[in-house]
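As structure tokens, the structure follows; a few thoughts come after it.
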Amino acid sequence: MSSEGLELGAFSMSLTVSDLGVSRAFYEKLGFKQTGGDNEHYVILVNGSTVLGLFQGLFDKNILTFNPGLGQDTKQLSSFTDIREIRSRLIDAGIEMTSDLDPNETGPASIAFLDPDGNPVLIDQFFPKPGSGAE
């Protein structure tokens, strides 16, 4: 099965930071506005269609992040490719998961893998796929 045309959802960069407050203040100087987070371990910042997640103490490395069901404008999509289909296509393409989901479950889930240079990639679906029965 080809991974051509694979819809991964919104893209963001998840940055591991040493001081959440200092990093948030820095990116706010660049025009980013906070749109989410718990202000203790992470914050989500947006500037136009650019999304940054700042995470303190949760990850060892920066992560490329994709969110099925979320548009780049950070609004939930009414139709999207479910993470289980994405996972199946990636497995068929020979990509090995470093963190996997149960393919028999429905609803929100995540998977993770490494690119050829060891960069972590996270696909994190927040929402159940419409019509899946998991709404």
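Scanning region 55-94 for residues that are over 19 Å from residue 44 (Cβ atoms) and surrounded by fewer than 19 Cβ atoms within 10 Å (Cβ to Cβ) turns up 60, 78, 79, 81, 85, 88, 89, 91, 92, 93, 94.
Here residue 31 qualifies as in contact with a Gly (Cβ under 9 Å, 6 or more places away or on another chain) and farther than 17 Å from residue 121 by Cα.
Are any residues in region 81-98 more than 15 Å from residue 121 (Cα to Cα) and either acidic (Asp, Glu) or touching a Phe, Trp or Tyr at 6+ places or on another chain (Cβ under 8 Å) (or both), and if so, which ones? Scanning region 81-98 gives 82, 85, 92. Per the conditions (1) of a type in the set (A, V, I, L, M); (2) surrounded by fewer than 17 Cβ atoms within 10 Å (Cβ to Cβ); (3) within 30 Å of residue 33 (Cα to Cα); (4) in contact with a helix residue (DSSP H, G or I) (Cβ under 8 Å, 6 or more places away or on another chain), the sole criterion not satisfied by residue 97 is (3). Taking residue 89, is it charged (D, E, K, R) and more than 17 Å from the chain's Cα centre (by Cα)? The answer is yes for residue 89.
Test of understanding: among 65, 81, which residue is touching an Asp or Glu at 6+ places or on another chain (Cβ under 6 Å) and within 18 Å of residue 6 (Cβ to Cβ)? Break it down stepwise before answering.
Numbers: 65 fails: touching an Asp or Glu at 6+ places or on another chain (Cβ under 6 Å).
Being touching an Asp or Glu at 6+ places or on another chain (Cβ under 6 Å) and within 18 Å of residue 6 (Cβ to Cβ) holds for just one of 65, 81, which is 81.
Looking at region 1-33 only, could you name the residues that are assigned to a strand (DSSP E or B) and under 17 Å from the mean Cα position of the chain (by Cα)? Correct list: 10, 11, 12, 13, 14, 15, 16.
Values in this text are rule-based calculations from the coordinates and carry no lab data. From a predicted model like this one, the values you see are computed outputs, not experimental measurements. We place every Cβ from the backbone using ideal geometry, glycine too, and count neighbours over all the protein chains shown.
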